[in-house]
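In what follows, a structure is listed as structure tokens, so that the remarks can point back to it.
The values are calculated or read from the model by the stated rules, or taken from the named source; none is laboratory data. No experiment lies behind these values; they were computed from the predicted model shown. Cβ coordinates were reconstructed from backbone atoms using ideal geometry, including for glycine residues, and neighbour counts include every protein chain displayed.
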Amino acid sequence: MQSNQVLECDYLRAIASPRLQVSTVVDTKTGKGIKSSVRTSSGMFLSHEEKKYPRIQAIEKRISVYSQVPVENGELIQVLRYEKNQFYRPHHDYFSDTAGSGECSCGGKVVRGLSVKPVKGDAVLFWSMGLDGQSDPNSIHGGCEVLSGEKWSATKWMRQRTTS
């Protein structure tokens, strides 16, 4: 019997698959998404309408409970697919004048700090900023190169204030 989380992964993948586009990164000058060799995955964001689906609401509620951040402070869920040889270089999810440097080892792990081997249905929670609103340079993270098959992930950014 499959767990709810595994079934939810399949559900998100089915929604996302026909709408995947080349992933982008945010241009710090314009704030717009641009293609970059730093990030080679494909992805898409769920729509506001899809956010109303019962399964999506259940996922969002669980994220809210575990993160202790209200549902309304969350951005739309992003679903990503990494195929063989695709990756996302180490980066921060905030902007600063001084960028930290991370080291990446091919094969699925970020060498600096914590390494997580992806397992379908599992979740990883980390904070890019402290409760004081200060960015955390230790939150550097990335997605190492896929050596075979494909890797799927769903990302949910939570804000300090409501996003609606």
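Scanning the range 121-164 for residues that are of a type in the set (Lys, Arg) and either farther than 19 Å from Gly43 by Cα or outside any loop (DSSP other than H, G, I, E, B) (or both) yields Lys151, Arg159, Arg161.
A count restricted to the range 123-146 and to residues that are in contact (Cβ under 8 Å) with a residue 24 or more places away in the chain, of a type outside the set (S, T, N, Q) and either surrounded by fewer than 16 Cβ atoms within 10 Å (Cβ to Cβ) or farther than 17 Å from Tyr82 by Cβ (or both) stands at 6. For Gly74, the criteria (1) crowded, with 16+ Cβ neighbours inside 10 Å; (2) within 24 Å of Glu150 (Cα to Cα) hold in every case but one, which is (2). Checking each residue in the range 1-53 for being among the charged types (D, E, K, R), in a loop (DSSP other than H, G, I, E, B) and either within 15 Å of Ala154 (Cα to Cα) or at pLDDT 95 or above (or both) picks out only Glu49. Looking across Val110, Val119, Val124, one residue alone is of a type outside the set (Asp, Glu), at pLDDT below 55 and within 29 Å of Gly149 (Cα to Cα). It is Val110. Among residues of the range 54-75 that are under 18 Å from Tyr11 (Cβ atoms) and assigned to a helix (DSSP H, G or I), those with a Cβ under 6 angstrom from a residue that is hydrophobic (A, V, I, L, M, F, W, C) and at pLDDT 95 or above, sequence gap 6+ or separate chain, pair up as Glu60/Val71.
Within the span defined as the range 7-23, every residue fails to be within 20 Å of Thr163 (Cα to Cα), small (Gly, Ala, Ser) and within 18 Å of the chain's Cα centre (by Cα).
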